[in-house]
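Engineer: Pasting a structure below so you can have a look.
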Amino acid sequence: MKPAREFLAAGSLRLVGLREPEGMGSIERQRQMAVGPAGTVNTNVPPQNYGGVSTDQLEKFEEAVNHSTTSSNASGMQSSKGEHTSEHSQDTSKSLPFVLATRPPINLGNPTGKQGTPLYDTQGKGSKTGPETKAPAPMTTSKYETRGLPGELDPKYDAKAWKDDDSRDSRDKVQIKNPTGDTRLDNLARSAANKALSQNEMDGGKADVMVQGSDDKNYRLSVRRSGNDTSVEITAMQRASDGKDVATMTHEMNAKGITIGDGFSKDELAAVYDGFATMKGKDLDAMNGVTLEKGTRGQWKGTDAKEMAHYGDKKITFFKEAFEPGGMVGNMPRGGATFLHEAGHRFEEFSGSLNKFQQTKGHADDITPYDAGSEKLSREVTGNNLKVDPKKEHYAEAYMLYKSDPKFMEQNYPQLFQFFKAQTTT
């Protein structure tokens, strides 16, 4: 089976579409690596009086132990980054230039944030009618799937559909944090969790998807998976482009020295503007004199990988695939993330900070799927005018995540977060 691939590019490119073929033996879905249930403490002991301690005091003590046990079940296991390992396909007859590095699932048993956050338990129960269970906050991960989830989500995938779906493992679980009470969003969250459970590369990873609720407003689904466990957090999206027309967005970017070419639709320009609006310091200064244009996507000679955008000579060229609906990275629609990746190439060129970036802890980590595959891709591209430099791609991808999802970057790669903060601050 030939995996579908698509890339966001800049001077090189950013991967968004490589998928591992199902049934590839060593990279088969490893459900046995799911995080198991935490141990329990038996506190059902007959009341006793120890050294004059009252029954009332003992009952309060037992209640405290029970509470402590519940908390420790959620937070007893410490989250750790998995060691990065790579599995590459050797079957060149199937045109598999490279397969993403895969890593063992991260131990996600220790969530961050407030313990006991109420999440809907949709394992065989309706999130609207079934009882709520006390569950940890959405799981943590240091791996970011910038490709998102494949295909359309099903707004009718309710609790019964989840329970009756024979294509899934019966041990699969989903916890949904939905402050809106919108049933449509619950169903979309289950559908997203189902897709995450079917994707090998999502184990131990996070992906974001943009969807519409029953109120026709945009919401972000933050999907995380560890083995058989998934969590989906639903938040309302607030975009910088909301309420702005084409003329206003164009004028504001022009005022910073950015020239907007022809061919952008309002939605496409809005996505780019969302990325632009995150730039406040030296990175925004670097965009002075840069032109944005629409173009035709090219083929990378020697591979079946394709660009979604390209940077060179102070010009960013976008291809239509950069604006596919539903795609997100952090708080950004895909078009905004594409812009930020390419802007990262421009800022690296403008600031001359690549060497300092390479001295920063985490600079070579496989933060995204592109990072995992760029080194092999760089050896396969044979076009004279096409270059893929993994060091530069890591820089651009890290910058994109710093802007698209700063909370993720600060929590998981604090040194890189501080690096970009220092570089961009005026």
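The values are calculated or read from the model by the stated rules, or taken from the named source; none is laboratory data. This structure is a prediction, so every number in the text was calculated from the model and none was measured. Note that each Cβ is placed from the backbone with ideal geometry, even for glycine, and that neighbours are counted across all protein chains shown. In case anyone asks, the SASA skips ligands and DNA or RNA and just uses the protein heavy atoms, side chains included. Shrake-Rupley method; radii C 1.70, N 1.55, O 1.52, S 1.80 Å.
Rundown of residues vs (1) surrounded by 24 or more Cβ atoms within 10 Å (Cβ to Cβ); (2) charged (D, E, K, R); (3) modelled with pLDDT of 95 or more; (4) more than 26 Å from the chain's Cα centre (by Cα), yes/no style:
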position	(1), (2), (3), (4)
Trp300	no, no, no, no
Asp313	no, yes, no, yes
Lys320	no, yes, no, no
Arg334	yes, yes, no, no
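Engineer: Tell me, which helices (runs of 4 or more DSSP H) wholly within region 308-426 include 3 or more residues that are within 23 Å of Ile258 (Cβ to Cβ)?
Structural biologist: The qualifying helices (runs of 4 or more DSSP H) are 334-351, 390-404, 414-424.
Engineer: Here is a further query. How many residues are open to solvent by less than 20 Å² (accessible area, probe 1.4 Å) and either of a type in the set (D, E, K, R) or closer than 20 Å to Gln175 by Cα (or both) when one looks only at region 220-245?
Structural biologist: Adding up the residues that qualify gives 11.
Engineer: Considering only region 392-407, I want to know if a residue exists there that is hydroxyl-bearing (Ser, Thr, Tyr), without any contact (Cβ under 8 Å) to a residue 60 or more places away in the chain and out of contact with any Lys or Arg (no Cβ under 9 Å at 6 or more places or on another chain).
Structural biologist: Among the residues of region 392-407, at least one is hydroxyl-bearing (Ser, Thr, Tyr), without any contact (Cβ under 8 Å) to a residue 60 or more places away in the chain and out of contact with any Lys or Arg (no Cβ under 9 Å at 6 or more places or on another chain), which makes the answer yes.
Engineer: Something else about it: Is it true that Ile260 is among the β-branched types (Val, Ile, Thr), more than 19 Å from Lys403 (Cβ to Cβ) and either under 22 Å from the mean Cα position of the chain (by Cα) or surrounded by 15 or more Cβ atoms within 10 Å (Cβ to Cβ) (or both)?
Structural biologist: Spelling it out, Ile260 is indeed among the β-branched types (Val, Ile, Thr), more than 19 Å from Lys403 (Cβ to Cβ) and either under 22 Å from the mean Cα position of the chain (by Cα) or surrounded by 15 or more Cβ atoms within 10 Å (Cβ to Cβ) (or both).
Engineer: Answer yes if at least one residue in region 345-353 is of a type in the set (S, T, N, Q), touching a Pro at 6+ places or on another chain (Cβ under 8 Å) and touching a residue at least 60 places away in the same chain (Cβ under 8 Å), and no otherwise.
Structural biologist: No - not one qualifying residue is present in region 345-353.
Engineer: Just need a number here: residues in region 194-215 that are part of a loop (DSSP other than H, G, I, E, B), at pLDDT 95 or above and either open to solvent by 10 Å² or more (accessible area, probe 1.4 Å) or under 15 Å from Phe408 (Cβ atoms) (or both).
Structural biologist: 2
Engineer: Same structure, new question: When Asp172 is evaluated against the numbered criteria (1) modelled with pLDDT of 70 or more; (2) over 22 Å from Pro369 (Cα atoms); (3) open to solvent by 20 Å² or more (accessible area, probe 1.4 Å); (4) not aliphatic (A, V, I, L, M), which criterion, by number, is the only one it fails?
Structural biologist: (3)
Engineer: I'd like to know if region 414-421 contains one or more residues that are at pLDDT below 80 and more than 25 Å from Arg239 (Cα to Cα).
Structural biologist: Checking region 414-421: not a single residue is at pLDDT below 80 and more than 25 Å from Arg239 (Cα to Cα).
Engineer: While we're on this one: Being under 30 Å from Gly302 (Cβ atoms), under 18 Å from the mean Cα position of the chain (by Cα) and surrounded by 18 or more Cβ atoms within 10 Å (Cβ to Cβ): is that true of His394 here?
Structural biologist: Answer is yes for this residue.
Engineer: Follow-up. Here are some residues: Asn218, Asn254. Which one is modelled with pLDDT under 95 and of a type in the set (S, T, N, Q)?
Structural biologist: From the options Asn218, Asn254, the qualifying one is Asn218.
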